[in-house]
1. Among the residues in the range 61-83, are any surrounded by 17 or more Cβ atoms within 10 Å (Cβ to Cβ), of a type outside the set (Phe, Trp, Tyr) and part of a strand (DSSP E or B)?
2. Among the residues of the range 91-101, is there at least one that is charged (D, E, K, R) and either part of a helix (DSSP H, G or I) or buried (at least 22 other Cβ atoms within 10 Å of the Cβ) (or both)?
3. Would you be able to tell me the number of residues in the range 118-168 that are free of Cβ contacts under 8 Å to residues at least 24 places away in the same chain and either within 30 Å of Thr35 (Cα to Cα) or not small (Gly, Ala, Ser) (or both)?
4. Could you give every pair whose Cβ atoms fall below 9 Å, whose first residue belongs to the range 48-68 and is without any contact (Cβ under 8 Å) to a residue 12 or more places away in the chain, and whose second residue is of a type outside the set (Val, Ile, Thr) and loosely packed, with under 13 Cβ neighbours inside 10 Å, counting only separations of at least 6 or pairs across chains?
5. Say whether the condition of being surrounded by fewer than 19 Cβ atoms within 10 Å (Cβ to Cβ) and modelled with pLDDT of 90 or more is met by at least one residue in the range 168-191.
6. Specify the residue that is farthest from Ala129 (Cα to Cα); the eligible residues are those in the range 65-79 that are modelled with pLDDT of 85 or more and of a type in the set (Lys, Arg).
7. Can you name the condition, by its number, that Ser42 falls short on among (1) polar (S, T, N, Q); (2) part of a helix (DSSP H, G or I); (3) at pLDDT below 85?
8. Which count do you get for residues in the range 147-182 that are farther than 14 Å from Ile45 by Cβ and of a type in the set (S, T, N, Q)?
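The values are calculated or read from the model by the stated rules, or taken from the named source; none is laboratory data. What you see is a predicted model; the values in this text were computed from it and never measured. Quick reminder, even Gly has a Cβ in these numbers, built from the backbone with ideal geometry, and neighbours come from all protein chains shown.
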Amino acid sequence: MEIEILHLSFEELDNFIQERDFSIKNDFIFMVEKTEEKDFTSFLIKKMPFKTEITSKEFKKEFKINQYRDRLKEIIQRDKISFKAICNGEICGVIVAENEQWEDTIFIYEFMMDKAFRSMGIGSQLLKAVKKAARSKNVSQLMLQVECRNYSAISFYISRGFKIIGVIQRRIPVLLLGDHIEKFRKEVKKDEETGSY
């Protein structure tokens, strides 16, 4: 299969979200247990068997919120570090990232793969494109948030060098993950030699 990684427009993101199935089924979740002591709070994160499904409808509902749509549109147009994967002539995955300059961080807001194109290495290529953009902007880290119930996404990021660096307490807890750029400078440099992401 021929795969191209290209810059993403907001219109392409909008169409992708409306037309594709990117639901996720998991057999596990990460449970977060909070412990409060006198001077600090700690969190224990455990993998637990629990069947969950995050439907495309849930993603699409969030995307209909005008403020969120406007924010993504602004990020894509301003920062130019959002990408699409083209597989056999059609968009099969997208990643939307923002350069948060005051924090020396690129924050990944959305990363979605069409269900039919998962586990083919395409998501890794999209992530490498963002890493290459981060390197060119001399940014020191990538960060993102993932709901604890999205076990497959968290596993994907951890297997690619991300670490859990925080917990955001919400109705469904969210893990904050980060990856420092220094670790992948050699990886990106090697890929530049081959001319691919």
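1. Checking the range 61-83: not a single residue is surrounded by 17 or more Cβ atoms within 10 Å (Cβ to Cβ), of a type outside the set (Phe, Trp, Tyr) and part of a strand (DSSP E or B).
2. No; the residues of the range 91-101 include none that is charged (D, E, K, R) and either part of a helix (DSSP H, G or I) or buried (at least 22 other Cβ atoms within 10 Å of the Cβ) (or both).
3. Residues in the range 118-168 being free of Cβ contacts under 8 Å to residues at least 24 places away in the same chain and either within 30 Å of Thr35 (Cα to Cα) or not small (Gly, Ala, Ser) (or both): 12 in total.
4. Every condition considered, the pairs that remain are Tyr68/Glu62.
5. no
6. Once the filter is applied, the top-ranked residue is Arg71.
7. (2)
8. The qualifying residues number 2.
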